[in-house]
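The values are calculated or read from the model by the stated rules, or taken from the named source; none is laboratory data. These numbers were taken from a predicted model, which means no experiment stands behind them. Note that we place each Cβ from the backbone using ideal geometry, even for glycine, and neighbour counts take in every protein chain shown. Note: areas computed on protein heavy atoms with side chains; ligands, DNA, RNA excluded. Shrake-Rupley method; radii C 1.70, N 1.55, O 1.52, S 1.80 Å.
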Amino acid sequence: MGTFLWCITTVLAFTVSLTVNACPPSDLAALLAFKAALHEPYLGIFNSWTGNDCCNKWYGITCDPTTKRVADIALRGESEDPIFQKAKRTGYMTGSISPAICNLDRLANIIIADWKGISGIVPSCVTSLTFLRHLDLTGNQISGQIPADIGKLSQLTVLNLADNKITGPIPRSIGNLTSLMHLDLRNNMISGILPQNIGKLKMLSRALLSGNQISGQLPNTIQHIYRLSDLDLSLNRISGPIPESLGKMAVLATLNLDGNMLSGTLPATLINSGISILNVSKNGIEGIIPDAFGPKSYFMVMDLSYNKLKGPIPKSIATASYVGHLDLSYNHLCGAIPAGSWFDHLEASSFTNNDCLCGKPLRAC
């Protein structure tokens with residue numbers, strides 16, 4: 001009898017142990033509802049989503065080791081994982097992101113990226129996931145607007161919705177994402193203006209917003225994002241002048257404003273700054289190129305083409321520390337091209353279609 005009781009006790013203890021170490025039934029139900037809204041026909045990434053323990057070898061799922069709550073969903077349609085190498089293809093998935101994902105209220109990371117066919121909207125309830133740090137839905141067919149109260153995600157460090165069909169404005173509440181470091185909204189249909197309170201994003205280092213329909217002027221408040229190193233607003237509908245303050249930002253290294261409707265003059269602050277990639281081509285910038293080059297000027301790329309610049313190329317450009325790719329074509333520049341080591345490698349295409357430039361590599365003056 002004693003042996004029998006010992007066996008029963010051991011089995012019960014083992015059963016309880018399995019239950020404690022498994023994910024909660026609510027998380028299991030949420031993941032199964034999430035899976036039911038998606039269709040992945042080629043790779044079988046959901047084949048491992050069987051049994052009652054979603055913390056045990058479910059593809060793309062990671063649980064907190066202490067609480068056994070689901071902490072991460074990481075499903076990428078482009079990966080070097082063996083499942084992709086065996087199939088010799090990238091992923092393709094259709095369906096939508098079920099609001100059931102919001103029942104996983106301890107989620108820290110949601111990555112559902114590069115599946116090409118996932119449509120629907122960003123569930124508005126995602127803003128209730130107060131532990132969320134990383135939201136990456138890039139490379140799908142997601143439409144609708146960015147949830148208006150996205151600013152409730154106070155711990156969010158990465159917001160990546162690039163290469164989708166997002167419409168509507170950038171919500172004003174985005175200024176409340178004070179932990180945000182990486183913002184990528186490229187290649188959508190986002191419209192409206194840049195919120196004035198974008199300057200509150202003190203931790204932001206990359207703001208990639210190209211290929212949208214953003215309009216209005218560049219807010220001066222951008223200068224307050226003192227960690228910003230990469231600002232890409234190319235291929236939008238931004239108008240008005242380029243703020244001088246952009247050239248005074250401590251760590252700004254890449255500034256892409258090409259393909260907009262910018263006007264006014266080129267700020268001298270951009271010429272003698274820490275910016276190494278400057279592209280303001282295909283705008284309506286007027287006046288002269290500021291004679292402000294100096295040892296601090298180090299340009300891997302400087303593209304001022306397709307504007308309304310006039311006057312000479314400033315002689316001070318010869319004092320720059322480095323000028324790599326330079327494009328001044330399609331302006332109204334005139335006079336002699338300065339001699340200097342930075343011009344030896346440039347071709348005529350860098351200077352064509354101006355009013356009266358001359359000198360190497362064009363015709364002699």
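Listed values, structure above:
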quantity	calculated
Residues that are touching a Leu at 6+ places or on another chain (Cβ under 9 Å) and under 15 Å from SER124 (Cβ atoms), drawn from region 160-173	LEU161, ILE166
Which numbered condition PHE84 misses (of (1) modelled with pLDDT of 95 or more; (2) of a type outside the set (D, E, K, R); (3) closer than 27 Å to LEU161 by Cα; (4) not in a loop (DSSP other than H, G, I, E, B))	(1)
Verdict on THR138 being open to solvent by 20 Å² or more (accessible area, probe 1.4 Å), out of contact with any Phe, Trp or Tyr (no Cβ under 8 Å at 6 or more places or on another chain) and among the β-branched types (Val, Ile, Thr)	no
Qualifying residues in region 295-326 (those that are at pLDDT below 95 and among the β-branched types (Val, Ile, Thr)) - the one farthest from GLY264 (Cα to Cα)	THR319
Residue within region 185-194 that is in contact with a helix residue (DSSP H, G or I) (Cβ under 7 Å, 6 or more places away or on another chain) and open to solvent by less than 10 Å² (accessible area, probe 1.4 Å) present	no
Residue in region 206-215 that is free of Cβ contacts under 8 Å to residues at least 60 places away in the same chain, open to solvent by 10 Å² or more (accessible area, probe 1.4 Å) and of a type in the set (A, V, I, L, M) present	no
All positions within region 339-365 that are under 21 Å from ILE277 (Cα atoms) and touching a residue at least 24 places away in the same chain (Cβ under 8 Å)	TRP342, SER350
Within region 280-306, tally of residues that are open to solvent by 30 Å² or more (accessible area, probe 1.4 Å) and not aliphatic (A, V, I, L, M)	7
Exclusive hit being assigned to a loop (DSSP other than H, G, I, E, B), out of contact with any Ser or Thr (no Cβ under 9 Å at 6 or more places or on another chain) and crowded, with 18+ Cβ neighbours inside 10 Å, set LEU107, LEU156	LEU107
Top-ranked residue of region 308-323 - restricted to ones that are open to solvent by 10 Å² or more (accessible area, probe 1.4 Å) and farther than 17 Å from GLY335 by Cβ, ranked as farthest from the chain's Cα centre (by Cα)	THR319
Qualifying residue in region 91-100 (condition: under 21 Å from the mean Cα position of the chain (by Cα) and open to solvent by 10 Å² or more (accessible area, probe 1.4 Å))	yes
Lone qualifier among ASP114, ASP64 - being surrounded by fewer than 17 Cβ atoms within 10 Å (Cβ to Cβ) and either farther than 23 Å from ASP163 by Cβ or of a type outside the set (S, T, N, Q) (or both)	ASP64
Options LEU362, LEU328; residue that is of a type in the set (A, V, I, L, M) and over 21 Å from GLY294 (Cα atoms)	LEU362
Test: ARG186 is of a type in the set (Lys, Arg) and closer than 23 Å to LEU262 by Cβ	yes
Failed condition for PHE131, given (1) closer than 20 Å to GLU40 by Cβ; (2) open to solvent by 20 Å² or more (accessible area, probe 1.4 Å); (3) of a type in the set (Phe, Trp, Tyr)	(1)
Residues within region 205-243 that are in contact with a Lys or Arg (Cβ under 9 Å, 6 or more places away or on another chain) and over 20 Å from ASP163 (Cβ atoms), tallied	11
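One line per residue, one yes/no per condition, for (1) farther than 17 Å from ILE193 by Cβ; (2) open to solvent by 30 Å² or more (accessible area, probe 1.4 Å); (3) over 19 Å from the mean Cα position of the chain (by Cα); (4) not charged (D, E, K, R):
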site	(1), (2), (3), (4)
LEU228	yes, no, no, yes
LEU233	no, no, no, yes
PRO243	no, no, yes, yes
LYS248	yes, yes, yes, no
VAL251	yes, yes, no, yes
LEU255	yes, no, no, yes
SER263	no, yes, yes, yes
PRO267	yes, no, yes, yes
